[in-house]
Amino acid sequence: MKEWRGRFGVEFKGEDGIDEGGLIKEWFSVMSKEMLNEDLALFIKSESGATYYPNPKSTVQPNY
């Protein structure tokens, strides 16, 4: 997993932009929202609604 410790570079298909940190921030934001998308059933909100945990019934998504 050494490759995860390096610097990230992000390019959005069809968009011009120089990654000076803003594109990476946007990518992590988009990725996080999609991972927590309730329609994907990957994570469930805790009872307090403040945190998420892996959905034990996540077999709905075969690639989970």
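Given the condition more than 15 Å from the chain's Cα centre (by Cα) and either at pLDDT below 70 or surrounded by 10 or more Cβ atoms within 10 Å (Cβ to Cβ) (or both), answer yes or no: does some residue in the range 21-40 qualify? Step through it out loud before you land on a result.
Going residue by residue through the range 21-40, those that are more than 15 Å from the chain's Cα centre (by Cα) are 21-22.
So of that shortlist, the ones also either at pLDDT below 70 or surrounded by 10 or more Cβ atoms within 10 Å (Cβ to Cβ) (or both) come out as 21-22.
Yes, the range 21-40 contains at least one residue that is more than 15 Å from the chain's Cα centre (by Cα) and either at pLDDT below 70 or surrounded by 10 or more Cβ atoms within 10 Å (Cβ to Cβ) (or both).
The set of residues from the range 10-41 being more than 29 Å from Pro54 (Cβ to Cβ) and touching a residue at least 12 places away in the same chain (Cβ under 8 Å) comprises just one member, Glu11. Go through (1) of a type in the set (A, V, I, L, M, F, W, C); (2) modelled with pLDDT of 85 or more; (3) under 13 Å from the mean Cα position of the chain (by Cα) one by one and return the number of the condition Ala50 breaks. Only one criterion in (1) of a type in the set (A, V, I, L, M, F, W, C); (2) modelled with pLDDT of 85 or more; (3) under 13 Å from the mean Cα position of the chain (by Cα) is unmet by Ala50, namely (3).
The values are calculated or read from the model by the stated rules, or taken from the named source; none is laboratory data. Computed from a prediction, not measured in an experiment: that's the story for all the values here. Here the Cβ is made from the backbone with ideal geometry for all residues, glycine too, and neighbour counts use every protein chain on show.
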